[in-house]
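What follows draws every value from the coordinates through simple rules; no lab data is involved. Please read all numbers here as calculations on a predicted model, not as lab measurements. Cβ sites come from the backbone with ideal geometry, for glycine too, and all protein chains shown count toward neighbours.
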Amino acid sequence: MKFSDQILSWYQHNKRELPWRKGTSYQVFLSEVMLQQTQVKTVIPFFHRFLERFPNLSTLANSSLDEVYQVWQGLGYYHRARNMHKTAQIWSALGRDPRNYAEWIALPGVGPYTASILTAILLEHPAAAIDGNIKRILQRYFGLETIKEVKMVAENVLPSKNYGNYTQGLMDLGAMICTPKTPKCSMCPIAEFCKFKQGTWMPSKKAKNLKSVRYGHVYLCKKEDALWSVKNTESKLLKGLWGFPLSDLKEEEQSSYIEVPLTCLKGTVRHVFTHFILELRIWNATSRIEDVTSKWSNGKWLDFQQRKELGFSRLMRKIEEQENIWI
Ligand code: SF4
């Protein structure tokens, strides 16, 4: 049996029941955006929550970005929410679903993987989607090293139809059987000719990708029950989200670099982003209200209720919890 036939046959009997399968194109698109950089089990409750608030494309297109951030809160990587919102407006104005790979990839935040997967699942057109799971299976099975080889093979082994099921079959196999650490080869439908299983191929050892660290300061400034909060409109990091005043970030830790002097150190917080680790010193700047509000003059005083209605990043929520800010 051909490689793709084995995947299709396995998928038919073993597929995962996921809430977006058999969903509308909007629901499938939403799931793919949420699944970028996030695991299925984390995405499911957010997917339901998002659809309760934005059940269709036009509801989303006609909502404000702040409302979208608020519902996205906790899922992280907020550029996805921003792109989702922009896409909804473009898609809604288009008045129909994208009709091919080129139209999918033209939408904000849609890269080659997402465009391929949507083309395969929603349009049933041939498109070789390659994410981490699919790359791992193809590398192990065919004994491939480079991404160039993987892409070439991925295109060559596409079936002649059922592109959506085939792609989802590979995704499920990668998530359930051909897992990164201990693949369950004894349960694998393609074990017979797998080079990794046969012991004729092993992944080459790559140097560990160490993340760099960036440093900065965050200022907590309280007046009665409210904290001075700002919407980040400039820096790319956490753009469009609300949070507490945050300094510029530096590559090196410099204790002399403090924008609001004579404040009192409360603690530090570390947060891991995709490409770097952020370490912030948290300062109590309540005694320096004027310094803070004039430096971050685009902010406003938010009490707990108002804060709940706005999207705060995971980093800022970590600070809130760590410092018991609202107690
Ligand atoms: S036999 Fe093992 S390594 Fe090969 S594809 Fe299946 S699970 Fe992955």
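So, R0 is 30 Å and r is the distance between the beta-carbons of V40 and Q12; what FRET efficiency does that work out to, to 0.05? It comes out at approximately 0.95. Using a cut-off of 29 Å between Cα atoms, the listed pairs K148/K181; K148/K318; K15/K308; K22/K239 include K148/K318; K15/K308; K22/K239 as exceeding that distance. Exposure proxy for D225, D172, D131, D66: other Cβ atoms within 10 Å of each Cβ, ordered fewest to most, give D225, D66, D131, D172. Considering only Q139, I117, A127, the residue lying farthest towards the positive end of the dipole of region 107-155 is Q139, judged by Cα position with unit charges set on Cβ. Using a Gaussian network model of the chain with C-alpha springs under 10 Å, which one of S25, S64, S204 is most mobile by mean-square fluctuation? In the Gaussian network model the winner is S204.
With 0.36 nm allotted per residue and the present C-alpha distance subtracted, the K250-K184 stretch has 19.3 nm of extension available. Around the Cα centre of region 32-95, unit charges on the Cβ atoms of Lys, Arg, Asp and Glu (plus for the first two, minus for the last two) sum to a dipole of about 120 debye. Note on region 212-322: dipole from Cβ charges, positive end direction compared against V230, C264, L249; the farthest Cα belongs to V230. Computed from point charges on the beta carbon alone (+1 for Lys and Arg, -1 for Asp and Glu), the dipole magnitude for the chain about its Cα centre is near 820 Debye. Put a dot 7 Å past the Cα of Q322, heading toward its Cβ, do the same for S204, and the two dots end up 3.9 nm apart.
Between P108, P180, P98, the Gaussian network model of the chain with springs among Cα atoms under 10 angstrom shows the greatest mean-square fluctuation at P180. Relative to the longest principal axis of the Cα atoms of the chain, the long axis of helix 112-123 makes an angle of roughly 60 degrees. Looking at A191, N165, S204, which one has the Cα that reaches farthest to the positive end of the dipole of region 117-216 (charges on Cβ: Lys, Arg +1; Asp, Glu -1)? It is S204, whose Cα lies furthest towards the positive end. Ordered from longest to shortest, the equivalent ellipsoid semi-axes for region 3-198 are 31, 18, 14 Å, each the square root of 5 times a Cα gyration tensor eigenvalue. If a paramagnetic tag sat 7 Å from the Cα of D225 along the Cα-Cβ line, which residues of region 296-327 would have the backbone N under 13 Å from that point? In region 296-327, the label zone of D225 (backbone N under 13 Å from the point 7 Å along Cα→Cβ) covers 302-308, 326-327. The order of E224, E32, going from fewest to most other C-beta atoms within 10 Å of their C-beta, is E224, E32. What is the Cα centroid distance between region 280-306 and region 219-240, reported in whole angstrom? Between the Cα centre of region 280-306 and that of region 219-240, the gap is 7 Å.
Answer rounded, prolate or oblate for region 212-322, using the Cα gyration tensor with square roots of eigenvalues a ≥ b ≥ c: rounded when a/c is under 1.5, else prolate when a/b is larger than b/c, else oblate. Note, shape of region 212-322 comes out oblate. When both bridge partners sit in the chain, DSSP labels roughly 65% of those beta bridges antiparallel. The calculated 222 nm mean residue ellipticity attributable to helices in the chain amounts to -12500 deg cm²/dmol, summing -39500 (n - 2.57) over DSSP H runs of n ≥ 4 and dividing by all residues. In the chain, the ratio of gyration radius to Kirkwood radius, Rg to Rh, stands at 1.04 when only Cα atoms are counted. Could you list the residues of region 300-327 with an amide nitrogen less than 17 Å from a label point located 7 Å from the Cα of K211 in the Cα-to-C-beta direction? Hits in region 300-327 for K211 at 17 Å: 313-319. Note on region 3-198: with charges restricted to the Cβ of Lys and Arg (+1) and Asp and Glu (-1), its dipole about the Cα centre is near 360 debye. Exposure proxy ranking for V40, V292, based on other Cβ atoms within 10 angstrom of each Cβ and starting from the fewest, stands as V40, V292. Across region 138-147, computed HN-Hα scalar couplings (Karplus, 6.51 cos²θ - 1.76 cosθ + 1.60, θ = phi - 60°) run 5, 4, 5, 5, 9, x, 9, 10, 8, 5 Hz from first to last residue, x flagging Gly and Pro.
Centre-to-centre, using Cα atoms only, region 154-203 and region 43-71 are separated by 34 Å. Fully extending the segment from A175 to F276, taken as 0.36 nm per residue of separation minus the present Cα-Cα distance, adds 33.8 nm. When the Gaussian network model of the chain links Cα atoms closer than 10 Å, the mean-square fluctuations of T200, T167, T24 top out at T200.
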